[in-house]
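Student: Questions regarding the structure given below will be posed in turn.
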Amino acid sequence: PRLAGGTGRGKWNMLRIALCDDAPAQRLHMAQMLRKYLCRRPEAAGEVSAFASGQELLDSIEAGGKDYDLYIMDALMPGLTGTDLGVRLRELGGSGAIIYLVSAREHTLEAYKSHALGYLLKPVDQDTLSRKLDYAIGTLQQKLSACVPVKTRGGMCCLSLAGLLYVEMRNRVLRYHRTDGSVAESLTLRTSFQKAAEPLLEDGRFFRCGTSLAVNLHHVSGLDADGLKLE
C-alpha cells in the first residue's frame with residue numbers, strides 16, 4: 001500500500017502532526033509543547049497524535065493509509081527505531097516532513113537516511129521547538145505552492161501540483177486532470193512521457209502507474225486489484 005494525504009491537499013484544513021517517543025514523560029512534555037505552539041499560531045491550526053513506539057505509529061499509518069504532514073520521532077527507540085521508521089515511511093510513499101529527536105550529535109547522520117528535515121537535540125525547550133516548527137511549516141507551505149509550467153494553446157500557465165489528480169499522455173498531448181474537474185492540455189510533444197512528466201515524478205507525490213500515466217498519491221483514497229480510487 002502507498003500512503004495518501006499529507007501535504008498534497010492544496011491547503012491545510014488541519015496540520016496533522018505525529019509524535020513518537022517511547023519515554024512517557026518525554027512524550028507528554030513534547031505533546032504539551034507542540035499544542036502550546038499551535039495555540040500561539042492560529043494560522044497553523046493542527047492536531048497532535050502521540051505514539052509510544054515506532055511499530056504503533058507504523059501500524060496506525062498502514063491501517064489508515066494516510067500520511068501525516070509532520071513527524072517528530074525519537075531516533076533511537078527500542079525495536080523499530082525512529083530512523084528505520086522514517087525509511088519505511090519513504091518506502092510507502094510518505095512525504096511528510098520528519099524531525100528526529102536525538103540525544104547526541106553523533107546520531108544526527110542517521111537522521112538523513114530518510115531525507116529528514118532536521119533534528120532536535122534533547123532535552124528540547126519551547127523556543128528551540130518553535131523555531132524548528134516555524135521552519136518546517138514554511139518548508140511545507142512552499143511544497144503546497146509548488147507548480148509546473150505548461151505550454152498550452154492559450155499560452156503558458158502554471159499548474160499547482162497539489163491541485164492535480166493525475167496526468168496522462170494521449171495522442172502526444174499531456175492532459176492534466178485537476179481537482180476542480182477541469183483538464184489542461186499541453187501542446188503536442190515530441191518527447192516521451194517519462195521525460196515530459198519528469199518535473200512531477202521528481203516531486204515525490206506522483207507515482208507512474210504505466211507507460212503514460214502518473215497519479216498524485218495524495219489524492220488516492222483507495223486501492224484494489226484493478227486500480228486506484230481518487231478522491
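Student: Go through the stretch 31-62 and report how many residues are at pLDDT below 85 and hydrophobic (A, V, I, L, M, F, W, C).
Tutor: 2
Student: Then there's this: Looking at the stretch 169-176, can you tell me whether even one residue there is free of Cβ contacts under 8 Å to residues at least 24 places away in the same chain and of a type in the set (S, T, N, Q)?
Tutor: Yes: the stretch 169-176 contains one or more residues that are free of Cβ contacts under 8 Å to residues at least 24 places away in the same chain and of a type in the set (S, T, N, Q).
Student: Also, I was wondering about something else. Return yes or no: is SER182 open to solvent by 30 Å² or more (accessible area, probe 1.4 Å) and over 26 Å from ARG90 (Cβ atoms)?
Tutor: yes
Student: Could you tell me which of the residues TYR135, TYR176 is closer than 30 Å to GLU47 by Cα, out of contact with any Pro (no Cβ under 8 Å at 6 or more places or on another chain) and either assigned to a strand (DSSP E or B) or modelled with pLDDT of 90 or more (or both)?
Tutor: TYR135
Student: So, one more: Those residues that are under 19 Å from LYS122 (Cβ atoms) and among the hydrophobic types (A, V, I, L, M, F, W, C), I need them from the stretch 56-79; list them, please.
Tutor: Once the filter is applied, which keeps residues that are under 19 Å from LYS122 (Cβ atoms) and among the hydrophobic types (A, V, I, L, M, F, W, C), the stretch 56-79 yields LEU57, LEU70, ILE72, MET73, ALA75, LEU76, MET77.
Student: Further, regarding this structure: Hey, can you tell me all the residues within the stretch 198-231 that are at pLDDT 90 or above and open to solvent by less than 50 Å² (accessible area, probe 1.4 Å)?
Tutor: SER212, ALA214, VAL215
Student: THR191 - would you say it is assigned to a loop (DSSP other than H, G, I, E, B) and surrounded by fewer than 17 Cβ atoms within 10 Å (Cβ to Cβ)?
Tutor: Yes: the conditions hold for THR191.
Student: Give the residue, chosen from LEU121, LEU70, that is open to solvent by less than 30 Å² (accessible area, probe 1.4 Å) and modelled with pLDDT of 85 or more.
Tutor: The match here is LEU70.
Student: Here are the criteria: (1) within 24 Å of GLY65 (Cβ to Cβ); (2) within 19 Å of the chain's Cα centre (by Cα); (3) open to solvent by 40 Å² or more (accessible area, probe 1.4 Å). Tell me which single one LEU165 does not satisfy.
Tutor: (3)
Student: Might you check whether a residue that is touching a strand residue (DSSP E or B) at 6+ places or on another chain (Cβ under 6 Å), modelled with pLDDT under 90 and open to solvent by less than 70 Å² (accessible area, probe 1.4 Å) occurs anywhere in the stretch 144-155?
Tutor: The answer is yes; a qualifying residue exists.
The values are calculated or read from the model by the stated rules, or taken from the named source; none is laboratory data. As the structure is a prediction and not an experimental result, all values here were calculated from the model. Virtual Cβ from ideal backbone geometry, glycine too; neighbours counted across all protein chains shown. Note: areas computed on protein heavy atoms with side chains; ligands, DNA, RNA excluded. Shrake-Rupley method; radii C 1.70, N 1.55, O 1.52, S 1.80 Å.
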